[in-house]
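Worksheet: the structure to be examined is printed underneath.
The values are calculated or read from the model by the stated rules, or taken from the named source; none is laboratory data. Treat the numbers as computed from the prediction; the structure is a model and nothing was measured. Don't worry about glycine lacking a Cβ; one is built from the backbone with ideal geometry, like all the others, and counts go over all protein chains shown. The protein model used for the area step is the full one, side chains on, heavy atoms only, and it has no ligands, DNA or RNA in it. Shrake-Rupley method; radii C 1.70, N 1.55, O 1.52, S 1.80 Å.
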Amino acid sequence: MTELFIFGRFHVKPEHVDRAAALLRQQVQATRKEPGCCEIQVFCAIRDPQLFLLHSRWNSVAAFDLHAELPRTQRFIELICSWSDFPPDVTRTHVIDTD
């Protein structure tokens, strides 16, 4: 089974910073309970409080795909996009073996 790592970058308009932080906290708390989610964290840039970074690790692509289709996830995407001043950047990745 190949693990999947997700990196998300969201830059929100200044008037939505607090609302976005609250939404991201809610999303992370709910996502941690989902089957297949190994880890998820959200970060805020020190030099740019409008910039949020999301990192998650999933035990499979299928588990993440299921997460992505949830109504809660769809609503999150809709809201964060409406509050953003740049299109969100979400990237699916895998580990490059360095051994």
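Can you say whether Val90 is surrounded by fewer than 16 Cβ atoms within 10 Å (Cβ to Cβ) and either touching an Asp or Glu at 6+ places or on another chain (Cβ under 9 Å) or hydrophobic (A, V, I, L, M, F, W, C) (or both), as far as the supplied structure shows? The answer is yes for Val90. Considering Glu39, Glu34, the condition of being free of Cβ contacts under 8 Å to residues at least 40 places away in the same chain and either part of a helix (DSSP H, G or I) or surrounded by 13 or more Cβ atoms within 10 Å (Cβ to Cβ) (or both) is satisfied by Glu34 alone.
Selection of region 69-81 for residues being more than 9 Å from Phe10 (Cα to Cα) and surrounded by 12 or more Cβ atoms within 10 Å (Cβ to Cβ) yields Leu70, Arg72, Thr73, Arg75, Phe76, Ile77, Leu79. Against the list (1) closer than 17 Å to Ala21 by Cβ; (2) open to solvent by 60 Å² or more (accessible area, probe 1.4 Å), the condition Ser84 fails is (2).
Okay, residues lined up against (1) in a helix (DSSP H, G or I); (2) touching a residue at least 40 places away in the same chain (Cβ under 8 Å); (3) within 11 Å of Ile6 (Cα to Cα):
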position: Arg25; (1), (2), (3): yes, no, no
position: Gln29; (1), (2), (3): yes, no, no
position: Leu53; (1), (2), (3): no, yes, yes
position: Phe64; (1), (2), (3): yes, yes, yes
position: Thr73; (1), (2), (3): yes, yes, no
position: Phe76; (1), (2), (3): yes, yes, no
position: Leu79; (1), (2), (3): yes, yes, no
